[in-house]
Amino acid sequence: MILDWAIIAHYFPFLLKGALLTLEISIFSLLFGLIVGLLAALCVLSKNLLLQWPARFYVWLIRSTPLLVQLFIIYFGLPQFGLNLSPFWSGVLALALNTGAYNAETIRAGILSVPHGQVEAARSLGMGPALTMRRIILPQAMRLIIPPLGNNFVILIKDTSLVSTITLVELTLTAQRLIGSTYKPFEMYLMAALLYAVLTTAATLVLRQLERRMAWGTA
Amino acid sequence: MPRPVTSILTLTLVFSLFTPVFADELTSIKQNGKISFAMSGQYPPFNFIDPNNNLTGFDVDICSAIAAEIGVEPAPLTTAWDGIIAGLLADKYDLICGSMAITPKRLESIDFSDPYYRSGAQLFVGRNAKIETAGELNGKTVGVTLGTTYEEWVRANLPQAEVRTYKGVPEMILEVVNGRIDGFVTDRIVGAIAIDEKQAPIKLAGPLLYEERMGIALRQGNPELKQTINAALKKLKEGERYKNISLKWLKIDAR
């Protein structure tokens, strides 16, 4: 089979436009997902049960249900209770809550892997729990957290394709819509796949750079 | 650009299950200066994406003309057909303007304007297929768009056929070409135009299965909005505009 290059050249700019929306959704979800993940991780590790149990419940709930169902509950279900978010914010909310739960687990594991002796040493120097977390634990945990966190980011970028089901004309829906008028599924999905690969590869490279910078003081 | 602050505020406030006071939506539509209407975007020539990536077609033109009559900006958008009523009920758009047939079952949950065109269900098969009527589909595989009246009809009337559901007509044409399904049921005009303009290798099989009247769907409890749409539609039909739009997209006058 020979690719229809004329079709590819004509439609590529439209797919690029879809990819921009995918990027925008990814960035917002990534930022909110990080904040949610960090907060949830700290709550899960907290000794205060009023913080710990809701956070545990959140992580359990998100990890045990499909993202598509979560997205539909937010988009189609919440308006029943008066909460009518736009498609964009419905998508960002669902993705941020979803990736947040996975980030929470990643961050929690990173914090727990810092040897307890570090905490004892900090405490013996007179540091309080908050200062110990900020100055001693988190900087060391970061190195361990970043590689798996990068993995979560890549998954997040790919998961944004699910928001094509709630009227957002991002990369996947752009391809789908154009197939309706071109009857060229291979060319359209191939271009979409390539653009996803560009986005995820760029994210991976940025994170690798970050990883390198964080690697001070290790053998 | 959507506003995060408002969204977060809503998030924190709304769980108090506050019940809004319902007013006719015509007022809010006029205040916003914009009317949004949904369609699948997978239903040429009624609604589809043109080579410049614009949503266009008969439905878009008719509803844009109605919006102009009301004096507001038209805002067409696409969504999956099987979730289109759920989206309307969830306030995601003001209308469904996507060739939706008026049926008693749909009238239980949503309201419709007067019909804006008539057509009917038709079986299409591959150009070289031996199938002559729908009755010969027993044991064969037939495609329908998920959530359409055609899906209901096929399931009720062709129990021996294997039914496969799709997101739109172009997908089903590809499936017939690839030999994955023997035929599909859709609107007669839709299939006829695909054969005529896209040289789709399909043909009509048998007579019209049944006739349908398509309306613009709106949420229940909006008599003023409905009346306004009907008045605008009537005006379009009386003048030349409806006829011009119809001839442009459908090659026939579908009144």
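Quick note: the coordinates plus some simple rules give every number you see, no bench work behind them. The model shown is predicted, which means the values in this text are computed figures rather than measured ones. Cβ coordinates were reconstructed from backbone atoms using ideal geometry, including for glycine residues, and neighbour counts include every protein chain displayed.
Over the Cα atoms of the protein assembly as shown, what is the Rg over Rh ratio if Rh follows Kirkwood?
1.05
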Links exceeding 30 Å between C-alpha atoms in this model, out of B:Lys167/B:Lys235; A:Lys17/B:Lys226; A:Lys17/B:Lys34; B:Lys105/B:Lys234; B:Lys34/B:Lys234; A:Lys158/B:Lys226, come to B:Lys167/B:Lys235; A:Lys17/B:Lys226; A:Lys158/B:Lys226
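Checking understanding here: applying a Kyte-Doolittle mean of at least -1.0 and a length along the axis of at least 27 Å (C-alpha), which whole DSSP H helices in chain A pass?
Values: long enough: A:5-45 (56 Å, 1.98); A:87-112 (37 Å, 0.69); A:138-159 (29 Å, 0.74); A:185-214 (43 Å, 0.74).
Helices meeting the criterion: A:5-45, A:87-112, A:138-159, A:185-214.
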Expected integer from the mean partner chain Cβ neighbour count at 10 Å over A:160-173 is 2
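Going by average Cβ density within 10 Å per residue, which order do the peptides B:210-217, A:128-135 take, highest to lowest? It would help to have the intermediate numbers written out before the result.
Details: B:210-217: 20.2, A:128-135: 13.1.
Averaged packing, sorted descending, gives the order B:210-217, A:128-135.
For the residues A:His10, A:His116, what sequence is obtained by ranking on other C-beta atoms within 10 Å, fewest first?
Details: A:His10 15, A:His116 8.
Ranked by crowding around the Cβ, least crowded first: A:His116, A:His10.
To the nearest whole number, what is the average tally of beta carbon atoms from other chains within 10 Å of the beta carbons of peptide B:83-94? List each step's numbers first, then the result.
Values: counts 6, 1, 0, 5, 6, 0, 3, 8, 4, 10, 2, 0.
Per residue, the number of nearby Cβ atoms from other chains is 4 on average.
Dipole magnitude of the protein assembly as shown about its Cα centre, charges +1 at Lys/Arg Cβ and -1 at Asp/Glu Cβ only, in debye to the nearest 20?
About 1320 debye.
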Partner shielding of A:180-186, as the mean number of partner chain Cβ atoms within 10 Å, equals 6
Sorted largest first, the C-alpha extents of segment B:24-100 along its principal axes in whole angstrom are 34, 26, 19
Percent antiparallel among DSSP beta bridges confined to the protein assembly as shown, nearest 5, equals 60
If unit charges are put on Cβ atoms (+1 for Lys and Arg, -1 for Asp and Glu) and the dipole of the protein assembly as shown is taken about its Cα centre, the option from A:Phe72, A:Thr132, A:Leu30 lying farthest towards the positive end turns out to be A:Thr132
Taking Cα atoms, the helix B:188-198 axis meets the longest principal axis of chain B at an angle in degrees (rounded to 10) of 80
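What Kirkwood hydrodynamic radius do you get for chain B when you take the inverse of the mean 1/r over all pairs of distinct Cα atoms, in Å?
Numbers: mean 1/r = 0.0514 Å⁻¹.
This gives a value of 19.4 Å.
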Filtered hits (lysines, Cα-Cα < 21 Å from B:Lys130, offset >= 8 within chain) -> B:Lys140, B:Lys203
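Short version: what are the Cα gyration tensor semi-axes of chain A, square root of 5 times each eigenvalue, largest first, in whole Å? Could you put the intermediate results ahead of the total?
Working: eigenvalues 308, 102, 24 Å².
Taking √(5λ) for each Cα gyration eigenvalue gives 39, 23, 11 Å.
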Taking the alpha-carbon centre of each part, the distance from segment A:13-67 to segment B:64-134 in Å is 36
DSSP beta bridges in chain B: the antiparallel percent, rounded to 5, is 60
Taking Cα atoms only, helix B:4-14 is inclined relative to the longest principal axis of chain B by an angle, in degrees rounded to 10, of 80
Checked against the positive end of the charge dipole of the protein assembly as shown (+1 on Cβ of Lys and Arg, -1 on Cβ of Asp and Glu, about the Cα centre), the farthest of B:Ile195, B:Pro104, A:Thr160 is A:Thr160
The farthest towards the positive end of the charge dipole of segment A:144-215, of the residues A:Met191, A:Leu171, A:Pro147, given +1 on Cβ of Lys and Arg and -1 on Cβ of Asp and Glu, is A:Pro147
In whole angstrom, the spacing between the Cα centers of segment B:202-255 and segment A:140-206 equals 39
